[in-house]
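Have a look at the structure below, then the notes.
The values are calculated or read from the model by the stated rules, or taken from the named source; none is laboratory data. What you see is a predicted model, and the numbers here were worked out from it, not measured in a lab. We place every Cβ from the backbone using ideal geometry, glycine too, and count neighbours over all the protein chains shown.
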Amino acid sequence: MRIDVLSIFPELFEPIVANSMLGIARERGALEFYAHDLRDWTHDLHRTVDDAPYGGGPGMVMKVDILVPAIEDIAAMDSRLPHVVFTTPTGNVFNQDKAAEYAGRDRLLLVCGRYEGFDERAYALADECMSIGDYVLTGGELAALVIVDATTRLLPRVLGNADSAADESFSAGLLEYPQYTRPAEFRGQRVPDVLLSGNHAAIDAWRYEQSVQRTRDVRPDLLDLLE
Ligand code: ADE
């Protein structure tokens, strides 16, 4: 799949892509990733991407006459049409189902917001607006990285163990069960006997029970969703 991001801080992306599973996805040919500098579409000496809001008020607004040509040009860089996503705290909340949907697409373009947001007229080019949670970041770059990471790890050939994405917490709608590795005893704390039993039916049952219990304790809202 191809992912483009448009940002005023394009250099933030490469170190994370290069030093994570995203870099492996790229080496394996599963991910093509490009970070574009919005300032490349400016025409003035100061490379201005924002301006004061009409009507007054605090902060700056990202300029529609810079954003729209940038999005159009990036879209035209490949024969695949991108699904265009604006990152903003006013979007729908990103989740695992959305990551799976994106992993099934052949191209995404993530447009990162800064300042007080986008000029409202730029939203005409957005297929969707995504928030990564109910808090306000200083910009959409971290949100875009979250979306890229969660999406990429679901691509075929990215995770080493094909089962690990399918088996885990949010895919099944429950939180992950507790995991242990050696040693079997650490400072008096023993790994639950069932996990050492070799009885796979008993292990699966124990894990399911633990997942339900943990979800009930920490995220009862997820259980409501399953009903
Ligand atoms: N930009 C600022 N805050 C954000 C959030 N929570 N999600 C996505 N983009 C953002």
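Quick notes on this one:
- Among the numbered conditions (1) in contact (Cβ under 8 Å) with a residue 60 or more places away in the chain; (2) within 22 Å of GLU120 (Cβ to Cβ); (3) in contact with a Ser or Thr (Cβ under 7 Å, 6 or more places away or on another chain), the only one that PRO53 does not meet is (3).
- Which numbered condition LEU142 misses (of (1) more than 13 Å from the ligand (Cβ to nearest atom); (2) out of contact with any Lys or Arg (no Cβ under 8 Å at 6 or more places or on another chain); (3) within 23 Å of PRO15 (Cβ to Cβ)): (1)
- Across region 18-33, the number of residues qualifying as over 23 Å from LEU81 (Cα atoms) and surrounded by 15 or more Cβ atoms within 10 Å (Cβ to Cβ) comes to 4.
For every residue, the table says whether it meets (1) surrounded by 20 or more Cβ atoms within 10 Å (Cβ to Cβ); (2) farther than 16 Å from VAL61 by Cβ.
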residue	(1), (2)
ASN92	no, yes
ALA100	no, yes
LEU108	yes, yes
CYS112	yes, no
ARG121	no, no
GLY139	no, no
ASP149	no, yes
ARG157	no, yes
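- GLY91 over 30 Å from GLY173 (Cα atoms) and within 16 Å of the ligand (Cβ to nearest atom): no
- On inspection, LEU125 does not qualify as within 14 Å of the ligand (Cβ to nearest atom), at pLDDT 95 or above and surrounded by fewer than 21 Cβ atoms within 10 Å (Cβ to Cβ).
- ARG47 vs. criteria touching a residue at least 12 places away in the same chain (Cβ under 8 Å) and either within 17 Å of the chain's Cα centre (by Cα) or in the same structural domain as TYR115 (by TED's automatic domain parsing) (or both): no
- Take the conditions (1) within 16 Å of the ligand (Cβ to nearest atom); (2) aromatic (Phe, Trp, Tyr); (3) not in a strand (DSSP E or B); TYR54 misses just one of them, which is (1).
- Cβ-Cβ under 6 Å pairs, at least 6 apart or on other chains, region 94-110 side hydroxyl-bearing (Ser, Thr, Tyr), far side within 16 Å of the ligand (Cβ to nearest atom) and outside any loop (DSSP other than H, G, I, E, B): TYR102/LEU108; TYR102/THR151
- On the stretch given as region 78-88, residues that are among the acidic types (Asp, Glu) and either near the ligand (Cβ under 8 Å from one of its atoms) or at pLDDT below 95 (or both) total 0.
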